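What follows is a short report on a single structure.
The values are calculated or read from the model by the stated rules, or taken from the named source; none is laboratory data. On a predicted model such as this, the values are computed, not experimentally measured, just so you know. Cβ placement follows ideal geometry from the backbone for every residue including glycine, while neighbour counts extend to all protein chains displayed.
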Amino acid sequence: MKMSEYNQQQVEAFMMVRHYLHCLSRARIRQVKRRVRNYMRFRADVAAFQTLHFSEICTHKCFTSQTSACCGREGIATFFADVVINVLLSSEVEVDAVLQALFTDRGGFKCVYLTEDGCVWRLKPIVCEMFLCRHAKENVFSANDALQKRWERLRRRERRYTWPSGPVLFDEMEELFIRAGYDSPLMYLHHSPGLLRVKERSGKFH
Ligand code: SF4
Ligand code: SF4
C-alpha cells in the first residue's frame, strides 16, 4: 500500500528531527530542553484541566461508544515543533513506535497514531491537546462561567508558544532546524501564508 502524502511528511519530519538531535552535543540538548521547560509546564496545566473537567464526559460520550470526533484520520495538523518536542522527550523505542505506526498504516478512519493503548506520541500535538468538541464544551461550560474563563486563559497561554505575532517557541524550533539546513512542510510558521502574514504584520521579524 502506497504511503499517503500526510504520512510521508510525518515520517520525514520525525527522521530529520531524530537525525539532527543525534548530532547535537549533550550540552546543546540540555539547552534545548531548558528552552521547552515553560511550555511543558503549560502542557501539564492543560492536561490537568482536561483530566479534571473533561475525562468524565469524554469517556461517557466517546470512549465507551467509540464514536469520538477526536483522533480522526489526517484530521490534525502537526507542527514541526510538536515533532521536535516529542522526540526530545521520547526514548528511541518510543520514536520507533511512532515510525512503525506510520510505516504499517493500513488506512481506515482513525488517526494513524491511534493505537489500542491510545496515542503513540509521548506528548501529543498541541492541536489535539487543545481540541474540545462543541458537545463537551457546552456540557461543561454552560453552567460554569469561571471554568470557561480558565479555559480561555489556557488558550491565550497556548498562543504565547504557537502564534507568531512575536518570537515564539514553535517558530524558534523551526529556525533551529532551518539554520542547520533542514526543511519540512510541517514548518507552518515558516511556510503557511497566513502565519507569514501574522509575522509580517507584527513587524517583529526581519
Ligand atoms: S472532546 Fe468531544 S469528541 Fe473528543 S472525546 Fe471529548 S466528547 Fe468526544
Ligand atoms: S496524534 Fe494522537 S491525540 Fe492527536 S489525533 Fe492522533 S491519536 Fe489522537
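Numbers below:
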item	result
Failed criterion for SER25 (all others in (1) buried (at least 17 other Cβ atoms within 10 Å of the Cβ); (2) away from ligand 2 (no atom under 15 Å from the Cβ); (3) among the hydroxyl-bearing types (Ser, Thr, Tyr) hold)	(1)
Test for LEU89: is it more than 30 Å from LEU132 (Cβ to Cβ), of a type outside the set (Lys, Arg) and in contact (Cβ under 8 Å) with a residue 12 or more places away in the chain	no
Listing of helices (runs of 4 or more DSSP H) fully contained in the range 66-177 that carry 1 or more residues being away from ligand 1 (no atom under 16 Å from the Cβ), surrounded by fewer than 17 Cβ atoms within 10 Å (Cβ to Cβ) and acidic (Asp, Glu)	92-103, 145-162
Pairs where the first residue, in the range 184-206, is of a type in the set (Lys, Arg) and the second is in a loop (DSSP other than H, G, I, E, B), C-beta under 6 Å, 6+ apart	LYS199/PRO164; LYS199/PHE205; LYS204/GLY166
Pair list, Cβ < 8 Å and 6+ apart or interchain, from the range 148-174 residues that are closer than 19 Å to VAL84 by Cβ to residues that are charged (D, E, K, R) and not in a helix (DSSP H, G or I)	PRO167/LYS204
Members of the range 179-206 that are surrounded by 15 or more Cβ atoms within 10 Å (Cβ to Cβ) and either of a type in the set (Val, Ile, Thr) or not in a loop (DSSP other than H, G, I, E, B) (or both)	TYR188, LEU189, HIS190, LEU195, LEU196, VAL198, LYS199
Conditions (1) assigned to a helix (DSSP H, G or I); (2) of a type in the set (A, V, I, L, M); (3) modelled with pLDDT under 95; number of the one not met by MET1	(1)
Those residues of the range 98-133 which are over 14 Å from the mean Cα position of the chain (by Cα), within 19 Å of ALA69 (Cβ to Cβ) and acidic (Asp, Glu), in sequence order	none
